[in-house]
Amino acid sequence: MDTGISVLFVSASAADEKVLSTLLAGDEAGNGVRLRTAATAQAFYDALYSEESYQVIVLDDQQPWSDWQSVTTACSKSRPNALHILLTDSAQPERQVAALGAGIAAVYPRNSAGLIALAKLVSRLAAQGQSFSLRQDPQASGEDAEADEQEDREKLVYAVSHDLQDPLQLARRYAEILNDDFETELGDSGSKVLEHLQFNLGRTQDMLDELLDYSRLENSPPDRRPVDLNELLDEVTALYKLTLDEIGGSITRQQSLPTLVVDRRQFQRLFQNLIGNAIKFRGDRPLQITVRSQRVRNEWRIGVKDNGIGIAEEDAKRIFGMFERAGGAEDQPGNGMGLAICKRIVQNHGGKIWVRSSPGSGSVFIFSVTQPDDSAEELEDEN
């Protein structure tokens, strides 16, 4: 029985290929590691569409013939059951998080330490032989495989964000020391660089906090108790009062909202994210947000409608994913996690969330929450 594994190393670096090959030399002979290197686009696609069953695909993010995102997409489509690993020179947390969000299972630095760690991982997998399963069984349904891959990705994202907290806090502390104790030595140009550094460290901290929140939502079942949504909405409205007064915006209820058995803290976050999203993408008109509810068979549907800039149809299909942002959102603060958190909260309560929108016509975000009752009336958009 063949108990080895096949590794495809996509890299134009002969030096890295030599190091990895040397590190795996013992395993190639003993545990049956088969290493194939693709240094060109032609070699990559020849390997990708060959009959060889690759369990591990290692991607170098410095390909001279393509960007790493395109290579990752090709690998994910053609080899969805393989373990995809990225080697990178970038030390920025954003690169690691973006890679994990794109389907990369692990990120290693493209240096000696990273290659050693990668070789150890491959050796462990080779030792396990056919007993390990990196992805869903090929015979499993597409939905199950996608769900398992998403679960693996979320666990890895949590691990990476957790591990980055300490070095990020240290970097922020050093930046504070520079700002407080070395302002004169830095001068004007140095102070501007430091200001830029502190801003980006703050953005990274916000991103990691949201990633950790997202993972905690997955791992913590909701504490469901009766919650008056009218009171909850009043609390969230109060949080945004200064902003609404400044922009001339308003939040109204079309009718009294129900009392639902939900996790109060999670639903407060849900309303905060949806209303904050409406404020962020309000456009030039005075913002009007309307919250409404209706019964649909055994569930309640809550709609949060705005008169903002709207969302294109192609964006509406993907904006609830991790790190996804609608077109035109590049100039707005945020990291594409707000609506993903909303989706996770709603799923925690057995419901669904979707959006109806078109550019220039505002949006209505609708989410459902199952409650024990049979009365029904469909929630429809109000134009």
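Right, Ser358: touching a strand residue (DSSP E or B) at 6+ places or on another chain (Cβ under 6 Å), small (Gly, Ala, Ser), at pLDDT 85 or above and not assigned by TED's automatic domain parsing to the domain that holds Gln205 or not?
Spelling it out, it is not the case that Ser358 is touching a strand residue (DSSP E or B) at 6+ places or on another chain (Cβ under 6 Å), small (Gly, Ala, Ser), at pLDDT 85 or above and not assigned by TED's automatic domain parsing to the domain that holds Gln205.
If I filter the range 49-60 for residues that are out of contact with any helix residue (DSSP H, G or I) (no Cβ under 9 Å at 6 or more places or on another chain) and aliphatic (A, V, I, L, M), do I get at least one hit?
No, every residue in the range 49-60 fails to be out of contact with any helix residue (DSSP H, G or I) (no Cβ under 9 Å at 6 or more places or on another chain) and aliphatic (A, V, I, L, M).
Take the conditions surrounded by fewer than 16 Cβ atoms within 10 Å (Cβ to Cβ) and on the phi > 0 side of the Ramachandran plot and apply them to Gly187. Does it pass?
yes
From the list Ala238, Ala175, which residue is in contact (Cβ under 8 Å) with a residue 24 or more places away in the chain and hydrophobic (A, V, I, L, M, F, W, C)?
Just one listed residue meets the conditions, Ala175.
Give me the pairs: first residue in the range 50-70 and closer than 16 Å to Thr37 by Cβ, second residue β-branched (Val, Ile, Thr) and part of a loop (DSSP other than H, G, I, E, B), beta-carbon distance under 6 Å, and six or more apart or on different chains, which are they?
From residues that are closer than 16 Å to Thr37 by Cβ, there are no pairs.
Going by the structure shown, is Thr204 under 16 Å from Gly101 (Cβ atoms) and not hydrophobic (A, V, I, L, M, F, W, C)?
yes
Just to be sure, is Leu217 modelled with pLDDT under 95, closer than 30 Å to Leu178 by Cα and buried (at least 16 other Cβ atoms within 10 Å of the Cβ)?
Answer is no for this residue.
Are there strands (runs of 3 or more DSSP E) fully within the range 1-107 with at least 2 residues that are at pLDDT below 85 and surrounded by fewer than 18 Cβ atoms within 10 Å (Cβ to Cβ)? List them.
Once the strands (runs of 3 or more DSSP E) in the range 1-107 are filtered for at least 2 residues that are at pLDDT below 85 and surrounded by fewer than 18 Cβ atoms within 10 Å (Cβ to Cβ), nothing remains.
The values are calculated or read from the model by the stated rules, or taken from the named source; none is laboratory data. Predicted, not measured: the structure shown is a model, and the values here were computed from it. A quick note on method: Cβ atoms are made from the backbone with ideal geometry, for glycine too, and the neighbour counts reach across all protein chains shown.
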